[in-house]
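What follows is a short report on a single structure.
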Amino acid sequence: MAYELTRAERIQYRQRQDEAFRAGEAAAANLRAALALAGIVLPSLGNDGPVGCRGIVRLGGCSTAVADRLAEVIAAGARARAGHDVQV
């Protein structure tokens, strides 16, 4: 016999799902803004909804030129961060 959630458990689960959805929306917006600063657009970037009460961001596909530019920006940021961490 399957376990049936109580009303309180269903409400808590729904709240966690809603929080995860909002977290996904915020994360996608933050990433979209950061990419825009680097002049990069991922057209299919978006919130993929909650999965198991976790927010999921869909990055989607992009051209090889965009992927190469994204790799350059990430590598430059990682090098700058590593250099910053060493100097502190």
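Summary of computed values
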item: In segment 27-61, the residues that are open to solvent by less than 60 Å² (accessible area, probe 1.4 Å) and over 30 Å from GLN12 (Cα atoms); result: ALA33, ALA34, LEU35, ALA38, ILE40, LEU42, SER44, GLY60, GLY61
item: Counted residues, segment 27-52 - those being within 24 Å of ALA75 (Cα to Cα), of a type outside the set (Lys, Arg) and not in a loop (DSSP other than H, G, I, E, B); result: 11
item: Residues located in segment 1-26, provided they are among the polar types (S, T, N, Q) and open to solvent by 60 Å² or more (accessible area, probe 1.4 Å); result: THR6, GLN12, GLN15
item: Residue in segment 70-87 that is open to solvent by 60 Å² or more (accessible area, probe 1.4 Å), basic (Lys, Arg), at pLDDT below 95 and not in a helix (DSSP H, G or I) present; result: no
item: Residues located in segment 31-50, provided they are of a type in the set (A, V, I, L, M, F, W, C) and touching a residue at least 24 places away in the same chain (Cβ under 8 Å); result: LEU31, LEU35, ALA38, ILE40, VAL41, LEU42
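The values are calculated or read from the model by the stated rules, or taken from the named source; none is laboratory data. Because the structure is predicted, anything quoted here is derived from the model rather than measured. Reconstructed Cβ throughout: ideal geometry from the backbone, glycine too, with neighbour counts over all protein chains shown. For the accessible areas, the whole protein counts, side chains as well, though only heavy atoms, and no ligand, DNA or RNA atoms are used. Shrake-Rupley method; radii C 1.70, N 1.55, O 1.52, S 1.80 Å.
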